[in-house]
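Take a look at the structure below.
Any read-out appearing in this document is the output of simple, stated calculations on the displayed coordinates, not a laboratory observation. Worth saying up front: this structure is predicted, and the values here are computed from it rather than measured. Please note: Cβ atoms are built from the backbone with ideal geometry, for glycine as well, and neighbour counts cover all protein chains shown.
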Amino acid sequence: MKGPGFIALHELFDRVHGDVVGYVNLFGERVVQLGGYADGGIRTASKRSSLPEFPRVTSVRDNVDELSTTLAAFGKSVRSAIDAAEEAHDRVTADTLTEVARGVGKWLGGVEGHLYDDSSRR
């Protein structure tokens, strides 16, 4: 990634990554608690993901645009999963997903803040 804001975005992306790792662990633990098998392999995750593949982009702006789109799609998916958990009367899963939804909202706000262009305010 190259361009203005690189350091700030790099640090933000690192925080997002750290949170994602924590959420993956939460999901895996919940799957096992429900009697399932948590296959955390990268190939399985990639094959089963409903998110679009992240393109190879190098500019800061393109990375921010792509990550913003991906986070919004992920947030929508998590909110749908919350609804499904609530319909199944599984409050623990719904609470876990709600925690993730809050995190995604926080990340999305931080990422979208980098899309702001104050040149139009002149």
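Considering the chain, its Cα convex hull presents a mean projected area of 8.8 nm².
Put the Cα centre of region 61-122 next to the Cα centre of region 15-37 and the gap is 17 Å.
Summary value for region 6-114: 29 percent relative contact order, contacts being C-alpha pairs under 8 angstrom separated by 6+ residues. With R₀ set to 35 Å, the beta-carbon distance separating ALA45 from GLU112 gives a calculated FRET efficiency near 0.90. Close amide-amide hydrogen proximity is noted between SER59 and LYS2, each under 5 Å apart and 5 or more residues distant or on a separate chain (H modeled in the peptide plane; Pro and chain starts excluded). Largest GNM mean-square fluctuation across VAL32, VAL64, VAL78, computed for the chain with C-alpha springs under 10 Å, falls on VAL32.
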